[in-house]
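A.B. asks: Let me begin by handing over the structure; questions about it come next.
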Amino acid sequence: MKVVGIGLNKTGTTSLGECMVHWGLKHISCNQDAFNLWRDDTYTELLEWVANYDSFEDWPWPLIYKLIDDKFPGSKFILTRRKDAETWFESLCQHANRTGPTEYRKYIYGHEMPHEHKEEHIKLYLNHLESVREYFKDRPSDFLEVCWEDGDGWSALSSFLGFELPEVGFPHANKSPSRQEIDGACEIV
């Protein structure tokens with residue numbers, strides 16, 4: 001069984017990855033080589049990567065969930081999301097302030113930096129959520145949607161995956177600093 005995180009970045013994907021590692025899955029997160037294969041439409045080789053791991057999150061994995069579903073029947077898909085699109089966009093901007101322009105954002109969102117393109121980014125985010133929900137609408141045993149901010153955590157994941165409920169706190173990995181912790185915090189446009 002493959003466990004695939006299909007939420008866009010800044011939706012709690014790193015926390016999801018920490019959960020997979022806790023359960024002992026061979027996990028891969030954002031990977032430049034894999035992303036380059038996606039960018040270059042080299043899907044056969046990219047799916048060979050998938051064969052070598054148990055769980056996935058971040059780029060390029062949410063972009064190829066349909067291919068993974070087709071090639072690896074019985075896989076489980078987890079859509080991470082934020083409490084609302086505004087919160088997601090603000091987190092994306094804060095992340096961009098820390099990391100600077102990236103190739104990932106250029107190829108996925110159309111812009112290396114999100115700040116001046118709020119409407120486009122939010123539309124893409126909401127379209128991704130809707131597209132995923134529509135794709136899995138008749139397959140509740142293969143699909144779980146979670147929002148850590150709404151209280152989802154170990155219980156939802158362990159029930160969905162059939163894994164033992166951990167007796168440790170839920171990880172909050174890659175947490176963005178608060179506005180007070182950042183000089184020049186993201187200005188929402």
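The values are calculated or read from the model by the stated rules, or taken from the named source; none is laboratory data. Since the model is a prediction, treat every value here as computed from it, not as a measurement. FYI the Cβ positions are ideal-geometry reconstructions off the backbone, even for glycines, and counts take in every protein chain you see. We work out accessible area using only protein heavy atoms, side chains counted, and drop any ligands, DNA or RNA first. Shrake-Rupley method; radii C 1.70, N 1.55, O 1.52, S 1.80 Å.
A.B. asks: So what are the range 34-142's ellipsoid semi-axes, whole angstrom, largest first, if each one is the square root of 5 times an eigenvalue of the alpha-carbon gyration tensor?
C.D. replies: After scaling each eigenvalue by five and taking roots: 25, 18, 11 Å.
A.B. asks: Still on this model: How much space per residue, in cubic angstrom, does the convex hull of the C-alpha atoms of the chain take up?
C.D. replies: Output value, Cα hull per residue: 115 Å³.
A.B. asks: Grab the beta carbon distance between residue 159 and residue 131, set R0 = 35 Å, and tell me the FRET efficiency rounded to 0.05.
C.D. replies: FRET efficiency, residue 159 to residue 131: 0.90.
A.B. asks: Where does the charge balance sit around residue 44 when Lys and Arg score +1, Asp and Glu -1, over other residues with C-beta under 14 Å from its C-beta?
C.D. replies: Around residue 44, the charge tally is -4.
A.B. asks: Keeping all protein chains in place and using 1.4 angstrom, which order do 139, 105 fall into by accessible surface area, from largest down? Write down the numbers at each step before the final one.
C.D. replies: Details: 139 60, 105 5 Å².
My answer, sorted largest first, is 139, 105.
A.B. asks: Starting from the Cα gyration tensor of the range 29-69, take the square roots of the eigenvalues, sort them a ≥ b ≥ c, and report rounded, prolate or oblate (rounded when a/c is under 1.5, otherwise prolate if a/b is larger than b/c, else oblate).
C.D. replies: Note, shape of the range 29-69 comes out rounded.
A.B. asks: Could you tell me the distance between the Cα centroids of the range 76-147 and the range 17-70, to the nearest Å?
C.D. replies: Cα centroid of the range 76-147 versus Cα centroid of the range 17-70: 17 Å apart.
A.B. asks: Per residue, how big is the convex hull of the range 1-88 when only Cα atoms are used? Give it in Å³. Present the calculation step by step, with values, prior to reporting the outcome.
C.D. replies: Numbers: hull volume 8.1 nm³, N = 88.
Hull volume normalised by residue count: 92 Å³.
A.B. asks: Starting from the Cα of residue 70, step 7 Å along the direction of its Cβ; do the same at residue 87; then give the gap between the two resulting points in nm.
C.D. replies: Reported label-point gap for residue 70 and residue 87 is 3.5 nm.
A.B. asks: Can you tally the lysine pairs in the chain where the Cα-Cα distance is under 19 Å and the two residues are eight or more apart, or on different chains?
C.D. replies: For the chain, the number of qualifying lysine pairs is 19.
A.B. asks: Given 0.36 nm per residue, what is the gain on full extension from residue 47 to residue 139 after removing their alpha carbon distance, in nm?
C.D. replies: Length gained between residue 47 and residue 139: 30.9 nm.
A.B. asks: In the chain, if the dipole is taken from +1 on Lys/Arg beta carbons and -1 on Asp/Glu beta carbons about the Cα centre, which of 156, 8, 37 is farthest to the positive end?
C.D. replies: Value computed over the given set: 156.
A.B. asks: While we're on this one: Whose amide H sits under 5 Å from the amide H of residue 145, counting only residues 5 or more places off or on another chain, with H placed in the peptide plane?
C.D. replies: 79
A.B. asks: Then there is this: For residue 126, what is the net charge nearby, where nearby means another residue's Cβ is under 13 Å from its Cβ and Lys, Arg count +1, Asp, Glu -1?
C.D. replies: Around residue 126, the surrounding residues sum to -1.
A.B. asks: Related question: Go through 11, 102 and list them by solvent-accessible area, largest first, probe radius 1.4 Å.
C.D. replies: The ranking, largest first, comes out as 102, 11.
A.B. asks: Divide by every residue of the chain the summed helix terms, -39500 (n - 2.57) for each DSSP H run of at least 4, and state the resulting mean residue ellipticity at 222 nm, rounded to the nearest 500 deg cm²/dmol.
C.D. replies: Taking each H run of at least 4 residues, the total per residue is -13000 deg cm²/dmol.
A.B. asks: Separate question: Accessible area of residue 123, 1.4 Å probe, to the nearest 10 Å²?
C.D. replies: Residue 123 exposes around 130 Å² with every protein chain in place.
A.B. asks: Under 5 Å between amide hydrogens, which residues at least 5 positions from residue 5 or on another chain qualify, with H placed 1.01 Å from N in the peptide plane?
C.D. replies: Amide H to amide H, under 5 Å and 5 or more residues apart or across chains, residue 5 pairs with 56, 57, 78.
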